[in-house]
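Following: one structure in structure tokens, then a few remarks.
The values are calculated or read from the model by the stated rules, or taken from the named source; none is laboratory data. Computed from a prediction, not measured in an experiment: that's the story for all the values here. Cβ atoms come from the backbone with ideal geometry, glycine included; neighbour counts cover every protein chain shown.
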Amino acid sequence: MAVKIRLARSGRKKIATYRVVAADSRTQRDGKFLETVGYYDPQTTPKTFQFKSDRVAYWIKQGATPTLTVKNLLKQDRFYEKQEQIDKGAAPESVTLERKPERKRKPKVHKVKSSD
């Protein structure tokens, strides 16, 4: 069974929040999942997200692959750097790396088609 760590949509119409879940890759986006390992709320400013880092580490060690969005969130949270320090022998409570700031994105420019 191929396990992915991915987002499962929740919330109401046009106000989406997401649960970060470990799920079989063959199931639907909002279908069955194995475990909830966090949440992500893109509606707030700045965007909020929280992970159970020990459970994410467990699933990754079991062979789960995070999707692109979840991988970017983990990088922003410096999850991989924290795990590297824990693997070297540091206590999980002593690892204090601050979250990276949210990326600044340029606003989309709408191209106007010229009518010739």
**Request:** Inspect the range 53-64 for any residue being farther than 23 Å from Val95 by Cβ and at pLDDT 90 or above and give the result as yes or no.
**Result:** yes
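Within the range 30-42, which residues are more than 12 Å from the chain's Cα centre (by Cα) and either surrounded by 12 or more Cβ atoms within 10 Å (Cβ to Cβ) or at pLDDT 90 or above (or both)?
Across the range 30-42, the qualifying residues are Asp30, Phe33, Leu34, Glu35.
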**Asked** Is it true that some residue in the range 2-10 is surrounded by 14 or more Cβ atoms within 10 Å (Cβ to Cβ), in contact (Cβ under 8 Å) with a residue 40 or more places away in the chain, assigned to a strand (DSSP E or B) and more than 11 Å from the chain's Cα centre (by Cα)?
**Response** yes
**Condition met for Arg55 (outside any loop (DSSP other than H, G, I, E, B), among the basic types (Lys, Arg) and within 19 Å of Arg99 (Cα to Cα))** = yes
**Count - residues of the range 44-54 that are surrounded by 14 or more Cβ atoms within 10 Å (Cβ to Cβ) and either of a type in the set (Gly, Ala, Ser) or over 13 Å from the mean Cα position of the chain (by Cα) (or both)** = 1
**Request:** Being in a loop (DSSP other than H, G, I, E, B), touching a residue at least 24 places away in the same chain (Cβ under 8 Å) and surrounded by 15 or more Cβ atoms within 10 Å (Cβ to Cβ) is the filter here, so list the residues in the range 58-111 that pass it.
**Result:** Ala64, Asp77
**Asked** Across the range 12-29, what is the total count of residues that are surrounded by 13 or more Cβ atoms within 10 Å (Cβ to Cβ) and not in a loop (DSSP other than H, G, I, E, B)?
**Response** 9
**Request:** For the range 12-22, enumerate the residues that are in contact with a strand residue (DSSP E or B) (Cβ under 7 Å, 6 or more places away or on another chain) and either of a type in the set (Lys, Arg) or over 16 Å from Leu73 (Cβ atoms) (or both).
**Result:** Arg19
**Prompt:** Within the bounds of the range 93-108, is there any residue that is touching a helix residue (DSSP H, G or I) at 6+ places or on another chain (Cβ under 8 Å) and at pLDDT 90 or above?
**Reply:** no
**Request:** Mind listing just one residue for me: the one in the range 32-57 that is of a type in the set (S, T, N, Q) and in contact (Cβ under 8 Å) with a residue 12 or more places away in the chain and, of those, farthest from Lys13 (Cα to Cα)?
**Result:** Ser53
**Fill in**
Of the residues in the range 30-42, those that are in a loop (DSSP other than H, G, I, E, B) and either on the phi > 0 side of the Ramachandran plot or touching a strand residue (DSSP E or B) at 6+ places or on another chain (Cβ under 6 Å) (or both) come to Asp30, Phe33, Leu34
